[in-house]
1. Given the conditions (1) modelled with pLDDT under 95; (2) within 27 Å of Gly123 (Cβ to Cβ), report the number of the one that Thr32 does not fulfil.
2. Taking region 143-167, which residues are loosely packed, with under 14 Cβ neighbours inside 10 Å and touching an Asp or Glu at 6+ places or on another chain (Cβ under 6 Å)?
3. Examine region 55-74 for a residue that is closer than 21 Å to Val25 by Cβ and at pLDDT 95 or above, and state whether such a residue exists.
4. Within region 132-147, how many residues turn out to be closer than 19 Å to Gly26 by Cβ and either of a type in the set (S, T, N, Q) or at pLDDT below 95 (or both)?
5. So which residues in region 127-142 are closer than 14 Å to Thr78 by Cβ and buried (at least 17 other Cβ atoms within 10 Å of the Cβ)?
6. Only residues in region 21-34 that are under 18 Å from Leu148 (Cβ atoms) count as the first member; pair them with residues that are modelled with pLDDT of 95 or more and assigned to a helix (DSSP H, G or I), Cβ under 6 angstrom, at least 6 apart or cross-chain, and list the lot.
7. Please find, among Pro70, Pro114, the residue that is out of contact with any Lys or Arg (no Cβ under 9 Å at 6 or more places or on another chain), within 28 Å of Pro42 (Cα to Cα) and surrounded by fewer than 18 Cβ atoms within 10 Å (Cβ to Cβ).
Amino acid sequence: MKIKLYQLEKSLKLFIAVFVIVLSVGVIMGLTYLSQTTKYSPNKAIERFKGSQVNKNVDVLEIPDSYPKPISEMLITTHNHIIGFSLILFAVGFIFYFNSIISGSLKLFLMIEPLISTIITFGSIWGMRYLSEVFVYFAAISSILLYLSLFTMVVIILFELLFKKAE
């Protein structure tokens, strides 16, 4: 038996739709926080993890705007985000599996890609902090892919639950 989202009972469809909307609001709040803390600027993102650069050639004591993130904060940030994102992406991907609009390899890509991008994104902040500032671009590209995949699944789920009629 192949269950599709649009075939579900009306109250279950509404429950899933509200759940997906609430998850999406939470993700959007995280993106808003990121905007407030980095302005989506590579330099601001680097500064957030590596700390502010101070001019060492100045005779005056200069206090940096931000300090390098300690390893304990790096660990808790990556721990919380990897676990949180994996649960969000599992829930959305599981629901998305039952859509009737997208199938095949594109469906599988949309379900798996954001999980891979989660590891690349949060691994990149370690690279940015301890190896090279170039990792900011890996974080940016993988984050864009993650959010595009996630919100594509959300839009398709909501469309099918709220607008597609049972045949």
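The values are calculated or read from the model by the stated rules, or taken from the named source; none is laboratory data. Remember, predicted model here, so these are calculated numbers, not experimental data. A quick note on method: Cβ atoms are made from the backbone with ideal geometry, for glycine too, and the neighbour counts reach across all protein chains shown.
1. For Thr32, the failing item is (1).
2. If the condition is that a residue be loosely packed, with under 14 Cβ neighbours inside 10 Å and touching an Asp or Glu at 6+ places or on another chain (Cβ under 6 Å), then no residue fits.
3. If we filter region 55-74 for residues that are closer than 21 Å to Val25 by Cβ, which is where we start, we get none.
No, region 55-74 has no match at all.
4. Looking only at that region, the number is 1.
5. Start the filter on region 127-142 by keeping residues that are closer than 14 Å to Thr78 by Cβ, which leaves 127-130, 135, 139, 142.
Gly127, Met128, Arg129, Phe135, Ala139, Ser142 - these are the residues of region 127-142 that are closer than 14 Å to Thr78 by Cβ and buried (at least 17 other Cβ atoms within 10 Å of the Cβ).
6. Leu23/Ile88; Ser24/Val154
7. Values: Pro114 fails: surrounded by fewer than 18 Cβ atoms within 10 Å (Cβ to Cβ).
Among Pro70, Pro114, only Pro70 is out of contact with any Lys or Arg (no Cβ under 9 Å at 6 or more places or on another chain), within 28 Å of Pro42 (Cα to Cα) and surrounded by fewer than 18 Cβ atoms within 10 Å (Cβ to Cβ).
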